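Engineer: Encoded as structure tokens, here's the structure I'll be asking about.
The values are calculated or read from the model by the stated rules, or taken from the named source; none is laboratory data. It should be emphasised that the depicted structure is a prediction, and the values quoted were computed from it without experimental measurement. Please note: Cβ atoms are built from the backbone with ideal geometry, for glycine as well, and neighbour counts cover all protein chains shown.
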Amino acid sequence: MRKSLFSKPDVTPVMKCISCGETLLFGREQCIYCGQPVDPDYAIRSAIMSTYIAAACSWANSIRAASTFTMLLPVLIDIAAYVMSSRVYVVEGLCLSIFCAFAVGYWCWRYSDVNIQDAELDQARKEMKRYLNRWLGFIALQIFILVVSWSSLSSWIGENF
């Protein structure tokens, strides 16, 4: 179980059979499906690549699962700030958005430039780039709302006091 969006997921090392392509637990000397002997050097390279892909996809799945809630929470905080006329809640919503965008940005920094061809990893890369753009747009909108609300609040205070 993941502790946060920044913790590395637990991954069981596996490798692919060079002959039939089936997934095997790392350490096997022979494929249980086709009987092909497994070269130790190939096994290490395959296990590293498979573990890397599994970790990246697991982390992307965690971000994906949390994305709806983490997008909704700052909106709710901003609505509460508007209702209560409190700047503190707007700043808290913005900080939460920045934290979530940082998690997605860190994923993109860590996994988007690695030259591994895998369909699941390629899909995760596309989704994480889309999520990062969504978060950055959302943060820009929150900053705009914050600036507008603060300027209108300060002009209202200047007129009434």
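Engineer: Could you go through region 59-67 and let me know if any residue there is at pLDDT 75 or above, touching a helix residue (DSSP H, G or I) at 6+ places or on another chain (Cβ under 9 Å), among the aromatic types (Phe, Trp, Tyr) and in a helix (DSSP H, G or I).
Structural biologist: There is at least one residue in region 59-67 that is at pLDDT 75 or above, touching a helix residue (DSSP H, G or I) at 6+ places or on another chain (Cβ under 9 Å), among the aromatic types (Phe, Trp, Tyr) and in a helix (DSSP H, G or I).
Engineer: Yes or no: residue 11 outside any helix (DSSP H, G or I) and at pLDDT below 75?
Structural biologist: Against the criterion (outside any helix (DSSP H, G or I) and at pLDDT below 75), residue 11 qualifies.
Engineer: Say we look at region 103-161 and pick out the residues that are more than 13 Å from the chain's Cα centre (by Cα), modelled with pLDDT of 90 or more and charged (D, E, K, R); which of these is surrounded by the fewest Cβ atoms within 10 Å (Cβ to Cβ)?
Structural biologist: 122
Engineer: From the list 112, 97, pick out the single residue that is more than 28 Å from residue 13 (Cα to Cα) and not acidic (Asp, Glu).
Structural biologist: Exactly one of 112, 97 is more than 28 Å from residue 13 (Cα to Cα) and not acidic (Asp, Glu), namely 97.
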